[in-house]
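A short write-up of the structure that comes next.
Read the figures in this text as sums done on the coordinates, not as results from a lab. Keep in mind that this is a model prediction, so the values were computed, not measured. When we count neighbours, we look across all protein chains shown, and the Cβ atoms used for this are built from the backbone with ideal geometry, even at glycine.
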Amino acid sequence: MMEGQLEIGCAERKRSPAALRKPIYARLHNLGEHDMENYGKKQRRRLSPEEKWNIYQECEQPGVKIGEVLRKHSLYSSDLQLIRREVKEAALERLSRSRPGRKKMTVVPLEEHDRLKRELEEKEKALAELSVMFTTLKKKVNME
């Protein structure tokens, strides 16, 4: 080895000159070109509605230190403000859809009403016949 040269490991010797020009952190973490551009940048995390609801409920518990909850979930106070706003908007929207009082009656066509009424009468008649048969069988079994 000549003076002024560093000894390179076996894996380093087999790489192309372009691969050796990558910064050391890229080689250590096996990063590609796209990854190198985004190295060190925080990736935006998407929370599911269930996760947001759980975080909201956790923060609303009495005696809970909100800072600890936010650190546990790697969030900022501004994230919690957005979650609270979303919960409030969703609750208001849902409450505005429900109206107090009687529910609206559904309109059924007359033919379907008559058909359902006949079907109900037939089933009630069959049930009555089965009840009579069951009662007679029960009496026979108890007498024996």
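Restriction of the trypsin sites (Lys or Arg not before Pro) in region 75-114 to DSSP coil positions whose beta-carbon has at most 15 other beta-carbons within 10 angstrom yields 102, 103, 104.
In terms of its C-alpha gyration tensor, region 65-144 comes out oblate, because a/c is 1.5 or above while a/b does not outweigh b/c.
A simple spin-label model places the labels of residue 94 and residue 115 3.7 nm from each other, with each point 7 Å out along Cα-to-Cβ.
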